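Student: The structure follows.
Laboratory data are not the source of any read-out in this text; all were calculated from the coordinates shown. Predicted, not measured: the structure shown is a model, and the values here were computed from it. Cβ placement follows ideal geometry from the backbone for every residue including glycine, while neighbour counts extend to all protein chains displayed.
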Amino acid sequence: MVDQARIAAKVEHARQVERVLLWLGWSVAVLGIGGVVAFSVLWAIGDLNAEQAVGAIVGTALAAILSGASAYGSGTNVGLGAERLELAVRAMAAPTDRSDPAPG
């Protein structure tokens, strides 16, 4: 038999993990934008030449995109898994008697 309290605790934990991973994904995006802005400023004031600046900006943008998307996607996947588990538990707990005819 299914332990409802244990599954409910797992679903709640998964939702907390989802929130943290989504927050992490957005945080990485914000830090990436900050890095791109910082390298652009360094380029504008002449501390970096064009080759260094473009390399730093592209590298920072790609790293932020890949890291942020990974964290955000993982959070979304955990949230969807929690939702599927919760729906499965509800379906198991619902009465299976479907002998009532559909209204209409």
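Student: Write down the Å³ per residue value for the convex hull defined by the alpha carbon atoms of the range 4-93.
Tutor: Measuring per residue, one finds 61 Å³ for the Cα hull of the range 4-93.
Student: What residues qualify as long-range amide H neighbours of Leu48, i.e. H under 5 Å apart, gap of 5 or more or another chain, H built at 1.01 Å from N?
Tutor: Trp43
Student: Same structure, new question: About the Cα centre of the range 4-93, what is the dipole size in debye to 20, counting +1 per Lys and Arg Cβ and -1 per Asp and Glu Cβ, all else neutral?
Tutor: It works out to roughly 520 debye.
Student: Moving on. Name the residue, out of Gly34, Gly25, Gly75, whose mean-square fluctuation peaks in a Gaussian network model built on the chain with Cα pairs under 10 Å.
Tutor: Its mean-square fluctuation being the largest, the pick is Gly34.
Student: Please determine, in degrees from 0 to 90 and to the nearest 10, the orientation of helix 50-93 with respect to the longest principal axis defined by the Cα atoms of the chain, where the helix direction is its Cα long axis.
Tutor: Rounded to the nearest ten degrees, it is 10.
Student: Highest GNM mean-square fluctuation, the chain, Cα pairs closer than 10 Å: which of Ser27, Ser67, Ser40?
Tutor: Judging by the Gaussian network model, the answer is Ser40.
Student: As a check on your grasp of the helix formula, calculate [θ] at 222 nm for the chain: sum -39500 (n - 2.57) over DSSP H runs of n ≥ 4, divide by the residue count, round to the nearest 500.
Tutor: Value at 222 nm, helices only: -30500 deg cm²/dmol.
Student: Which residue, Asn77, Trp23, Val54, has the largest displacement toward the positive end of the dipole of the chain when charges sit on each Cβ (Lys, Arg +1; Asp, Glu -1)?
Tutor: Among Asn77, Trp23, Val54, the one farthest towards the positive end of the dipole of the chain is Asn77.
Student: Nearest 10 degrees is fine. How inclined is helix 4-44 to the longest principal axis of the chain, computing both from alpha carbons?
Tutor: Between the helix axis and the principal axis of the chain, the angle is about 20 degrees.
Student: For a quick check, take a GNM of the chain with Cα springs below 10 Å and name the residue from Leu42, Leu85, Leu31 with the largest mean-square fluctuation.
Tutor: Sorting by GNM fluctuation, first place goes to Leu42.
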